[in-house]
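Asks: Would you mind keeping the following structure in view while I ask a few things?
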Number of protein chains: 2
Amino acid sequence: MKLASNLQEQVASHLRRRILSGQLLPGTPLREQSLALEFGISRGPIRDALLHLTKEGLLVAKPNVGVRVAAEPSGFKRNVIVHLRREIEASAVTAWFETRDPSLLRRLDDNLALYREACGGSDLAQVVELDMAFHRLLVETADKGSLVDLWLPIMLRMFLRYSRHRDLMESYHEHASIVRAMHGGREWEALEALKSHIV
Amino acid sequence: MKLASNLQEQVASHLRRRILSGQLLPGTPLREQSLALEFGISRGPIRDALLHLTKEGLLVAKPNVGVRVAAEPSGFKRNVIVHLRREIEASAVTAWFETRDPSLLRRLDDNLALYREACGGSDLAQVVELDMAFHRLLVETADKGSLVDLWLPIMLRMFLRYSRHRDLMESYHEHASIVRAMHGGREWEALEALKSHIV
DNA sequence: TCGTCATTGATTGTTGACAAATGACAATAA
DNA sequence: TTATTGTCATTTGTCAACAATCAATGACGA
């Protein structure tokens with residue numbers, strides 16, 4: 001899951017995980033030099049990675065000063081984000097019901113099994129990863145995955161406050177009920193379950 | 001408008017303008033070396049700028065190969081984008097009606113005057129710039145501008161097909177009618193005008 | 001005492017050289 | 001002819017050194 005040939009992407013996904021799993025709290029400054037030392041590489045790829053994460057909304061950059069982990073979105077912003085996510089993911093699911101390609105259902109089932117396990121365990125980073133993967137599967141199916149790049153930064157901003165305010169097992173059951181409705185071909189039910197899951 | 005102390009942002013906004021105004025067509029490859037030569041700087045800041053634009057959706061990058069100007073979004077994707085933009089900008093305008101801060105109205109009026117002029121002239125880059133600025137003003141007012149970073153990449157992807165399919169003067173009148181409704185305090189009318197303007 | 005302004009240390013911004021990967025083309029063999 | 005392999009030029013990826021900038025500190029003068 002983590003393999004990438006170029007260093008910047010390796011660093012980016014590593015930091016992404018640390019931020020989303022709550023190991024790096026909002027406001028924490030990240031220095032290029034220290035990160036370069038920590039990863040044993042030069043500052044170049046680090047800069048690229050930080051730029052990635054900044055554009056994704058996980059970091060905020062001040063010119064000539066550096067980057068910090070972004071603050072959780074305000075209530076107002078979060079509300080908008082919720083609506084945007086619903087719009088994107090609902091569009092994708094609606095599109096899926098046109099074809100009902102069963103390969104998606106298989107992948108969702110696989111994800112669900114792993115997710116259930118992870119929710120029982122204590123590896124929060126793994127839980128976040130699988131939760132993310134679930135929704136990514138939904139978004140990817142529509143229109144040859146064209147929505148993913150639109151969806152990702154929105155999703156990430158929402159996940160900035162993942163760790164707290166979340167009952168993991170309940171989240172699992174919500175995923176399961178979405179998939180169940182899709183298996184049964186009940187479009188309206190799937191969309192309702194999705195909408196009430198995204199909060 | 002163009003001033004930025006760091007080179008990457010100067011390069012980024014320059015390329016942004018060239019792409020949005022249609023001088024760089026979808027599919028056109030951009031080489032770091034040639035750009036560095038063209039701007040008379042080294043490849044470092046160029047890389048940063050290209051990364052910015054890639055994350056904004058104006059370019060697509062293939063690892064170890066390079067970047068090209070992004071293709072126009074598909075019909076499906078564009079439809080989603082339209083809904084996202086409406087959601088964001090309508091939220092912002094709704095929030096404005098809570099306070100009705102008159103300083104926004106003043107700035108919108110200023111923008112309208114310039115926009116009208118530009119629509120008459122032939123400088124498409126200027127038209128795009130002002131159109132963008134108009135909507136940015138709307139988005140900026142709400143919640144201390146927190147929606148801007150969410151809105152920008154969505155807006156830019158939509159503007160990839162700005163030049164064609166657009167009657168400039170009609171666009172001006174739509175802007176004007178939005179502002180007119182806001183001046184008059186007619187919230188519903190403003191939101192409807194906004195919604196029908198975003199297509 | 002308070003405010004202003006140089007100094008200084010830390011951090012980002014920029015550069016040019018080098019390493020690694022890719023795609024195109026030509027040579028070779030079935 | 002067609003598929004495969006090897007070579008080469010082009011382009012991106014990475015690196016370490018240098019320059020520019022900022023924020024904090026402390027000296028200075030009102």
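Every read-out reported here was derived from the displayed coordinates using simple, explicitly stated rules and does not represent laboratory data. Given the structure is predicted, the values throughout are model-derived calculations rather than measurements. When we count neighbours, we look across all protein chains shown, and the Cβ atoms used for this are built from the backbone with ideal geometry, even at glycine.
Asks: Sorting A:M158, B:M169 on the 10 Å Cβ count, fewest up front, what's the list?
Replies: On the way: A:M158 20, B:M169 10.
So the residues, fewest neighbours to most, are B:M169, A:M158.
Asks: Taking the Cα atoms only, what angle lies between the long axis of helix A:7-20 and the longest principal axis of chain A, rounded to 10 degrees?
Replies: 70 degrees
Asks: Sticking with this structure for a sec: So what is the relative contact order for region A:1-90, in percent, with contacts set as C-alpha pairs under 8 Å and at least six apart?
Replies: Once normalised by length, the contact order is 29 percent.
Asks: Given a Förster distance of 35 angstrom, what is the FRET efficiency for B:S5 paired with A:R106, based on the Cβ-Cβ distance and rounded to 0.05? Please list the in-between numbers first.
Replies: Details: r = 53 Å, r/R0 = 1.50.
Result of the calculation: an efficiency of 0.10.
Asks: Here is a follow-up. Got the B:N64 label distances to the other copies yet, label 7 Å along Cα→Cβ, in nm, shortest first?
Replies: Shortest to longest, the spacings are 3.9 nm.
Asks: Which of B:W96, B:W188 has the fewest other C-beta atoms within 10 Å, and how do the rest follow up to the most?
Replies: Exposure proxy ranking, most exposed first: B:W188, B:W96.
Asks: Which is farthest toward the positive dipole end of region A:1-49 among A:L25, A:A49, A:L7, measuring Cα position about the Cα centre, with Cβ charges +1 (Lys, Arg) and -1 (Asp, Glu)?
Replies: So the residue we want is A:L25.
Asks: For region A:56-120 and region B:89-153, what is the separation of their Cα centres, given in Å?
Replies: Region A:56-120 and region B:89-153 have Cα centres separated by 28 Å.
Asks: Shifting gears a bit: Can you tell me the relative contact order of region A:64-187? Whole percent, Cα pairs under 8 Å, sequence separation 6 or more.
Replies: On the way: 79 pairs, mean separation 47.2, N = 124.
Relative CO of region A:64-187 lands at 38 percent.
Asks: So if I place +1 on the C-beta of Lys and Arg and -1 on the C-beta of Asp and Glu, and nothing else carries charge, what would the dipole magnitude of chain B be about its Cα centre? I want it in debye, nearest 20.
Replies: 740 debye
Asks: Shifting gears a bit: Which chain B residue hugs the B-A rotation axis most tightly by its Cβ, and what is that distance in angstrom, to the nearest whole number?
Replies: B:K55, 2
Asks: Additional query: Can you list, shortest first in nanometers, how far B:I41 lies from the same residue in the other copies, with each label 7 Å from Cα toward Cβ?
Replies: Once sorted, the set of distances for B:I41 reads 2.3 nm.
Asks: Under the rule of -39500 (n - 2.57) per DSSP H run of 4 or more residues, summed and divided by the residues of the protein assembly as shown, what mean residue ellipticity at 222 nm is obtained, to the nearest 500 deg cm²/dmol?
Replies: For the protein assembly as shown, the value works out to -22500 deg cm²/dmol.
Asks: Is region B:35-110 rounded, prolate or oblate when judged by the Cα gyration tensor, a ≥ b ≥ c being the square roots of its eigenvalues, rounded requiring a/c under 1.5 and prolate requiring a/b larger than b/c?
Replies: In terms of gyration-tensor shape, oblate.
Asks: Give the shape of region B:72-135 as rounded, prolate or oblate, defined through the alpha-carbon gyration tensor: a ≥ b ≥ c are the square roots of its eigenvalues, a/c under 1.5 means rounded, and otherwise the shape is prolate if a/b is larger than b/c and oblate if not.
Replies: oblate
Asks: On a 0 to 90° scale, report how tilted helix B:124-141 is relative to the longest principal axis of chain B, with both axes built from alpha carbons and the result rounded to the nearest 10.
Replies: Once rounded, the angle reads 60 degrees.
Asks: Turning to a different aspect of this structure: Given +1 on the Cβ of Lys and Arg, -1 on the Cβ of Asp and Glu, and no further charges, what dipole in debye does region A:68-144 carry about its Cα centre, rounded to the nearest 20?
Replies: On the way: 11 positive and 13 negative charges, 57 e Å.
The dipole magnitude comes to about 280 debye.
Asks: Just to check I understand the Karplus step: with θ = phi - 60° and J = 6.51 cos²θ - 1.76 cosθ + 1.60, what whole-Hz values come out for region B:99-111, glycine and proline as x?
Replies: Result, rounded to whole Hz: 9, 6, 4, x, 5, 5, 4, 4, 5, 5, 4, 4, 4.
Asks: Once the label point is set 7 Å along the Cα-to-beta-carbon vector, what list of distances in nm do you get between B:D110 and its counterparts in the other copies?
Replies: Nearest to farthest, the other copies are at 5.6 nm.
Asks: Another question, if that's okay. Set the Förster distance to 41 Å, then compute FRET efficiency between B:R186 and A:E98 from the Cβ-Cβ distance, nearest 0.05.
Replies: Calculated value: 0.55.
Asks: I need the shape label for chain B. Rule: rounded when a/c is under 1.5, else prolate if a/b > b/c, else oblate, with a, b, c from the alpha carbon gyration tensor.
Replies: prolate
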